[in-house]
Amino acid sequence: MARGTAFLGCEVAILGGAMSWVSERNLVAAISNAGGFGLIACGAMTADLLDAEIAGTKALTDRPFGVNLITMHPDLFDLIAVCAKHKVGHVVLAGGLPPRGSLEAIRESGAKVVCFAPALAMAKKLIRSGVDALVIEGMEAGGHIGPVATSVLAQEILPEVANEVPVFVAGGIGRGEAIAAYLEMGAAGVQLGSRFVCATESIAHPNFKRAFIRASARDAITSVQIDPRLPVIPVRALKNASTELFTAKQREVAQQLDEGRIEMAEAQLQIERYWAGALRRAVIDGDVEHGSVMAGQSVGMVKAEEPVAAIIAALTAEAEAALAARHPR
Ligand SMILES: Cc1cc2nc3c(=O)[nH]c(=O)nc-3n(C[C@H](O)[C@H](O)[C@H](O)COP(=O)(O)O)c2cc1C
């Protein structure tokens with residue numbers, strides 16, 4: 001993990017993957033305090049809210065942490081300015097190609113830029129445009145996902161680019177043995193989301209945590225697109241009544257498109273806003289039936305509520321044992 005820890009400035013190269021509503025000051029600070037690297041999920045926050053969240057996190061930890069920004073946020077450049085004001089050391093850009101000027105704006109502030117690479121060609125392009133590190137996230141992950149499995153992305157991308165920039169592997173990681181395997185393949189570190197949802201320090205509603213603890217891998221299913229004219233990015237979440245609500249929302253938006261009442265960009269924005277609201281309903285209000293309980297397949301390995309430090313200690317002990325067994329002294 002040495003390359004990963006040197007890049008991040010922490011003890012263990014485990015990124016706490018940004019999770020909207022869940023990755024706020026308490027969980028982020030707890031992950032950094034435990035030696036990992038917490039990431040604030042900016043999601044749909046305004047610049048003022050992000051400003052307060054960064055300040056709040058700094059009050060809880062003096063260790064480094066980063067901020068995850070969504071590229072299609074309408075105020076992306078204001079959010080970058082807020083990160084610069086607070087001298088945030090690492091900014092992760094999620095949700096599609098970084099818009100023109102955004103990489104430069106982040107780098108000018110002195111921060112390192114981390115981007116998601118959904119395919120090898122894109123990884124190479126991002127490296128050419130100057131990103132400092134990459135995350136490769138497979139379809140086992142929770143939340144919005146791409147079409148390819150983590151194991152395949154790792155085989156396609158790590159051998160080609162892991163020597164050029166640090167690469168962090170995400171999606172479907174629940175135990176340290178898997179971390180060890182990706183490190184051996186050339187990863188600089190990993191990013192985990194689902195495994196941290198039930199941390200004692202996580203503010204997720206008790207119902208949300210209970211749903212996680214009960215669920216097995218097969219319960220974390222992907223959303224279904226109903227209209228070919230309205231392409232929606234699949235979302236992985238626990239199966240519940242919200243599946244029907246999402247179908248209804250897509251019908252409503254598709255009808256507005258049909259009637260020429262909205263443009264495609266607005267239609268897609270409405271879908272994204274739907275997810276933000278549905279996730280809030282489950283994480284904050286605890287309505288795990290009608291809200292969206294976004295979860296990765298690794299949810300099956302979440303067995304109890306426990307402190308972040310215990311989760312990170314278990315993961316590192318498992319990784320160390322796996323590596324020691326494979327490379328006896
Ligand atoms: C509840 C939830 C919300 C998420 N929200 C975001 C988000 O806002 N931005 C983002 O880049 N990734 C988001 N993710 C993805 C995580 O950051 C992380 O990459 C993913 O959970 C890794 O897969 P795992 O859950 O199998 O560990 C979310 C994941 C979950 C489970």
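Listed by first and then second residue, the pairs linking a residue in region 106-117 that is without any contact (Cβ under 8 Å) to a residue 60 or more places away in the chain and surrounded by 21 or more Cβ atoms within 10 Å (Cβ to Cβ) to a residue that is part of a strand (DSSP E or B) and small (Gly, Ala, Ser), with Cβ atoms under 7 Å apart and 6 or more places separating them unless they lie on different chains, are Val114/Ala133; Phe116/Ala94. Annotation: of all residues in region 6-26 being among the small types (Gly, Ala, Ser) and touching a residue at least 12 places away in the same chain (Cβ under 8 Å), the one that is surrounded by the fewest Cβ atoms within 10 Å (Cβ to Cβ) is Gly9. Please go through region 27-64 and give me each residue that is more than 11 Å from His86 (Cβ to Cβ), of a type outside the set (A, V, I, L, M) and buried (at least 17 other Cβ atoms within 10 Å of the Cβ), ordered by number. Those that are more than 11 Å from His86 (Cβ to Cβ), of a type outside the set (A, V, I, L, M) and buried (at least 17 other Cβ atoms within 10 Å of the Cβ): Ser32, Asn33, Gly35, Gly36, Phe37, Gly38, Cys42, Gly43, Thr61, Arg63. All of (1) within 13 Å of the ligand (Cβ to nearest atom); (2) modelled with pLDDT under 95 hold for Leu269 with one exception: (1). Quick check, is Ala310 in the same structural domain as Tyr182 (by TED's automatic domain parsing), surrounded by fewer than 16 Cβ atoms within 10 Å (Cβ to Cβ) and assigned to a helix (DSSP H, G or I)? Here the answer is yes, as Ala310 does meet what is asked.
Results for (1) loosely packed, with under 14 Cβ neighbours inside 10 Å; (2) within 18 Å of Ile145 (Cβ to Cβ); (3) among the β-branched types (Val, Ile, Thr), shown as yes or no for each residue.
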site: Thr243; (1), (2), (3): no, yes, yes
site: Gln256; (1), (2), (3): no, no, no
site: Ala267; (1), (2), (3): no, no, no
site: Trp275; (1), (2), (3): no, yes, no
site: Ser292; (1), (2), (3): no, yes, no
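Within region 163-179, take every residue that is out of contact with any Asp or Glu (no Cβ under 7 Å at 6 or more places or on another chain) and surrounded by 20 or more Cβ atoms within 10 Å (Cβ to Cβ) and give me the one that is nearest to Ile213 (Cα to Cα). Step through it out loud before you land on a result.
Initially, region 163-179 is screened for residues out of contact with any Asp or Glu (no Cβ under 7 Å at 6 or more places or on another chain), giving 163-164, 166-169, 173-174, 178-179.
If we keep only those that are surrounded by 20 or more Cβ atoms within 10 Å (Cβ to Cβ) too, we end up with 166-169, 173-174, 178-179.
Details: Pro166: 32, Val167: 30, Phe168: 26, Val169: 24, Ile173: 16, Gly174: 13, Ala178: 20, Ile179: 21 Å.
Residue satisfying both the conditions and the ranking: Gly174.
With the condition kept exactly as written, say whether any residue in region 65-74 is within 14 Å of the ligand (Cβ to nearest atom), more than 24 Å from Ile284 (Cβ to Cβ) and surrounded by 17 or more Cβ atoms within 10 Å (Cβ to Cβ). No.
Do we find that Thr222 is in contact with a strand residue (DSSP E or B) (Cβ under 9 Å, 6 or more places away or on another chain) and modelled with pLDDT under 90 in this structure? Here the answer is no, as Thr222 does not meet what is asked. Of all the residues in region 186-201, those that are near the ligand (Cβ under 10 Å from one of its atoms) and hydroxyl-bearing (Ser, Thr, Tyr) number 1.
The values are calculated or read from the model by the stated rules, or taken from the named source; none is laboratory data. Just so you know, these numbers come straight off a predicted model, no measurement behind them. When we count neighbours, we look across all protein chains shown, and the Cβ atoms used for this are built from the backbone with ideal geometry, even at glycine.
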